[in-house]
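Here's the structure, in structure tokens; my notes come after.
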Amino acid sequence: MSATATSARPQSAPLIALMAVLMAASIGVQVVRDRGWQPYQPENPTLWVESGPLLQRLSLGLDSLVADIYWIRSVVYYGGKRRAEGANRSYESLYPLLNLVTTLDPHFRIAYRFGSLFLTEPPPAGPGRPDQAVQLLTRGIERDFGRWEYFYDIGFVYYWSLRDYPKAAEWFLKGADRPWAAEWLRPLAATALATGGERATSRRLWTELLNSDMSFMKSQAELRLMQLDAMDAIAELTPVLQRFIDRERRFPRSWQELADVERLPKVPTDPTGIPFYFDSKVGYIDVSPKSSLWPLPLNVRQLPPPPS
Amino acid sequence: MRAIFLVAGAVFRESVRDRVPYSMMVFAILLMAASYLISQLTAGQDMKIVKDLGLAALSIFGLLIAVFLGIGLVSKEVERKSIFGLLTKPVSRAQFILGKYAGLVGTLIINLGVMTVAYYAVLGYMLYVSSPVARAAWPAPALDPRLLIAVALIVAELALVTAIALFFSTFSSPLLSTLLTLGFWVAGHFNADLRNFGTVVDSAPVVTVARALYYVIPNLAPFDVKAEVVHGLPVGADHVLLTLLYAVVYSSVLLTAAITIFRRRDFK
Amino acid sequence: MPAAIETEGLTKDFQVGFWRPRPYRALDALTLSVEPGEVFGFLGPNGAGKSTTLKLLMQLIYPTSGVARILGKPAGDVTVRQRISFLAENPYFYDYLTAEEVLAYFAKLFGYSGAEVTSRVARVLDEVGIGAERRLRLRGYSKGMLQRVGLAQALINDPEVVFLDEPMSGLDPIGRRQVRDLILRLKQKGCTVFFSSHILSDAEALCSRVAIMAQGRLVSCGALHEMVAFELKGWELVAAGVNDALRVSLQGRARSITALAEGRYVIDLPADAAPERILVDLVGAGAQVISLHPVRETLEDFFIRQVKAASPRQTGMA
């Protein structure tokens, strides 16, 4: 007489199965839809609120969190632009975004430091705006206890992007006076002043950064040092090439020919293992555009045109 | 089926007698009227402002109606125990949930319909008072029927949000449900960024997780064709239809989940 | 003919506590059965498990184990709900609707339509005594009026089985009398009434059978007259013309002797005192017997005795 237990709690399994099927269907619909026409996504995300203080008031006390959200937007924005295809890559919203982040959270150290790195990157990898980088870092000095790192970063911008070595030295010295400053700032200032522009000095600058605990800066430093090594290698190769030209009165047809004639141990490659690029028509040595070291940061010596 | 219809009717009757939707509608209509005055300050961009503000008002006030009514639907009934009277009638729990949802979507459609009429009234007035020179400068006609496409997508988006609200209110308190629903609305609008993670981050597991989240979390950005419609740009028909279909399918997922949870609950 | 209501080993554990939930056994292996046409009283102090049982029967909550059946079908069968009705304790309906509208809504859910809805609504509202207020929104109703609306919605489908959770609560004496009459009318129609209460006099007046619950367990179940029949507590004898000598001789055998007026006394005799002998003595002494009544244990005495004897609630962990 006892009935099947339908007075007990109902089974959910069939409904859960239905849910899974419907979810899969929704994903399918999205996949198909995403392949087609998309509504207008603005190239530069609409910053509905451009004014920092206004956004601060709107954040209703969650400033720090909103700063984090905007920082993520900045990173996604920068990264997206950098990896995008197409010649026209405008980074015009980058500085306003970074401005917003640092207004909401004036102690957001990474935003100032990485932000300035992003801003100095020359096109097409970045907006190439060292002036904005300096501006951002100056705000950091004003609003975040004048940390020595910001002085150092400004000096760096002057050294590397603006090539103003006296100014760079000036900022390194100012930084050296700040609390907790690294001891190598003073000698760095001296070196910048004396031999700014030399590869050896730049190498020193970048080597310091290798010890940074921020991975982005560390990988930048590794890249720059490899580029400097490449430039050293080019400097060594140039006389070899010159000898060839003087003797044969023409450019070599390939690296192999040069290697054979001048008895080089192997075809010259850059530190990443990709052979250098030698343009036999115009006449200069550079890293290959296929190499991750391309483009090299400073002017490379150009060989004289072959004798006609 | 009849039970669903009856429950829906009760929801509709409740919303008519509730002050909240009325206030929202009045605010929205006032805003649209005010937008006409604001537009006079914009030196030539008046039509754009009126259209933008109108659609924004529909969106925002519609959202508020959807969330606040949606939360009240189940949470209030459970809290006040009026649900005992209903669930002891020949109505299954699934019919209860579906009826509530149908009632609220019906209410939304009516409310948004009224607001749309007001919207077109303001646009019609602008058309009437503008000179032929001004009219020639507009990228799209004043009484552009394609605005209705944007409205339809807004309604679909709100139907989805209502399903979210209903889902949360089957198991959590009114306050928590409101916060969660609004949270998912925000997340739904930033969802597109998740899809583009692959262009920024190299780590494959992170990209896979981000993509999975993109598909699972409700994706609300594609419902927004306001920019196209206001500027008179074409809108992909496939996109509209597929997005509407997405709204239907995803809402079904949420309703199924709501029914599953609701069926298993104890009402003490 | 299946029982109108039956349960077998119906048990409900609630998980209590947030961090380490422990099961709290609200109902422990309840087995009972109610025949069609009975008025069944489900009695017990607060916390005994009465509301839990009713909610399990209406499948508002689900059992941990055991089965419940109504009219032969499992509790929770949606079709059975057509033939039964329920009134919750302290009912609440939709306060933005009027009484008529709420009842019309429920009537339509039962499948009635059109003119039948209107006539049924009017009829049940008359039956529970709601007059012109029926057109006012429930928001303004008193507790007693809400209770009547609740009763009305329990009648609207002419149910075969009616479940009432504390139907008298919140009513004044007139209201309670009206509910009692209503239940009796239902009984005359052949309806099965299952109601829970902690007011024993109501049960005494209405029920053919009762169950007594305590600490989540059934401590006693049966016909009322059987349960309290053999508990004779004593006799109450009223006599007149009792002189002092007689009174003194009675004092040893009586529990108490109280004077009503000059020479007239109420004599409270213990159960084992043979009243016939005392009658003989009285008459022999020249007194007059006015009345002699057996004093039986009331349901209340029985109830308190049973509840006190019940062992404490188990936690439900095996």
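Laboratory data are not the source of any read-out in this text; all were calculated from the coordinates shown. All values derive from a computational prediction rather than experimental measurement. Because the Cβ atoms are built from the backbone with ideal geometry, glycine has one as well, and the counts that use them run over all protein chains shown.
What distance in nm separates the simple spin-label points at residue A:163 and residue B:20, each placed 7 Å from Cα in the Cβ direction?
Placing both labels 7 Å beyond Cα along the Cβ direction yields 6.6 nm.
Let me spell out the model: positive unit charges on the Cβ of Lys and Arg, negative unit charges on the Cβ of Asp and Glu, origin at the Cα centre of the stretch B:141-268. What dipole size does that give, in debye rounded to 20?
560 debye
Report, as an integer, the average count of C-beta atoms from other chains found within 10 Å of each Cβ along C:58-69.
Partner-chain Cβ atoms within 10 Å, mean over residues of C:58-69: 5.
Exceeding 22 Å between C-alpha atoms, which entries from my cross-link table qualify? They are A:81/B:51; B:268/C:187; B:76/C:55.
In this structure, A:81/B:51; B:268/C:187 lie more than 22 Å apart at Cα.
Be a star and scan the stretch C:241-258 for residues whose amide nitrogen sits under 15 Å from the point 7 Å along the Cα-to-Cβ vector of residue C:277.
So the set is C:249-255.
Going toward the positive end of the dipole of the stretch B:130-252, with +1 on Lys and Arg Cβ and -1 on Asp and Glu Cβ, which of B:230, B:219, B:245 do you reach last?
B:230
At a temperature of 20 °C and a viscosity of 1.002 mPa s, determine how fast the protein assembly as shown diffuses translationally according to Stokes-Einstein, using the Kirkwood radius over alpha-carbon pairs as Rh; express D in µm²/s, rounded to the nearest whole number.
60 µm²/s
What is the mean number of Cβ atoms from other protein chains located within 10 Å of the Cβ atom of each residue in peptide B:77-86, rounded to a whole number?
6
Going by how many other Cβ atoms sit within 10 Å of their own, how do B:83, B:110 line up, fewest first?
Lowest to highest Cβ neighbour count: B:110, B:83.
Of all DSSP beta bridges in the protein assembly as shown, what percent run antiparallel (nearest 5)?
Looking only at bridges with both residues in the protein assembly as shown, the antiparallel portion is about 70 percent.
Among the aspartates and glutamates, select those whose C-alpha is under 17 Å from the C-alpha of residue B:81, and discard any that sit fewer than 8 residues away in the same chain.
Of all the aspartates and glutamates, those that pass the test against residue B:81 - Cα under 17 Å, at least 8 places apart if same chain - are B:14, B:266, C:89, C:95, C:165, C:166.
As a footprinting exposure proxy, order B:22, B:214, A:112, A:159 by other Cβ within 10 Å, with the fewest listed first.
Sorted ascending by nearby Cβ count, the order is B:22, B:214, A:159, A:112.
Rounding to the nearest 10 and keeping the result within 0 to 90°, find how far the Cα-based axis of helix B:93-129 lies from the longest principal axis of chain B.
Helix B:93-129 sits at roughly 10 degrees to that axis.
Place +1 on the Cβ of every Lys and Arg and -1 on the Cβ of every Asp and Glu in the stretch C:54-125, take the dipole about the Cα centre, and give the residue among C:105, C:66, C:115 whose Cα lies farthest towards its positive end.
The residue sitting most towards the positive pole is C:66.
Please give the average number of partner chain Cβ atoms lying within 10 Å of the Cβ of each residue in C:104-111, rounded to a whole number.
Mean inter-chain Cβ contacts per residue within 10 Å come to 5.
Quickly work out the residue B:216-to-residue B:237 label distance, labels modelled 7 Å from Cα along the C-beta direction, and quote it in nm with one decimal.
Here the answer is 3.7 nm between the modelled labels.
Taking only C-alpha pairs under 8 Å that are 6+ residues apart, what is the relative contact order of chain B in percent?
With pairs under 8 Å counted, the relative contact order is 26 percent.
Report the charge-dipole magnitude of the protein assembly as shown in Debye, nearest 20, computed about the Cα centre from +1 at each Lys and Arg Cβ and -1 at each Asp and Glu Cβ.
Its charge dipole is roughly 660 debye.
Which lysines, on any chain, are close to residue C:308 with Cα under 23 Å apart, when same-chain ones fewer than 8 places away are left out?
C:12, C:50, C:233
Sort B:170, C:7 so the one with the fewest other Cβ atoms within 10 Å of its own Cβ comes first.
Starting with the residue having the fewest Cβ neighbours, the order is B:170, C:7.
Can you give the calculated 222 nm mean residue ellipticity of the protein assembly as shown, where each DSSP H run of n ≥ 4 adds -39,500 (n - 2.57) and the sum is split over every residue, rounded to the nearest 500 deg cm²/dmol?
-18000 deg cm²/dmol
Go ahead and run the numbers for FRET between residue A:235 and residue B:176, Cβ-Cβ distance against an R0 of 51 Å, rounding to 0.05.
0.15
Hey, got a sec? Which chymotrypsin sites (Phe, Trp or Tyr not before Pro) in the stretch C:212-312 land in a DSSP loop and have at most 15 other Cβ atoms within 10 Å?
C:230
By average Cβ neighbour count within 10 Å, what is the ranking of B:55-65, C:166-176 from highest down?
B:55-65, C:166-176
Can you tell which of B:53, B:96, B:137 lies farthest toward the positive end of the dipole of the stretch B:47-141, using +1 and -1 charges on the Cβ of basic and acidic side chains (Lys, Arg; Asp, Glu)?
Of the options given, the answer is B:96.
If you place +1 on the Cβ of every Lys and Arg and -1 on the Cβ of every Asp and Glu, how big does the dipole about the Cα centre of the stretch C:152-295 come out, in debye to the nearest 20?
Approximately 60 debye in magnitude.
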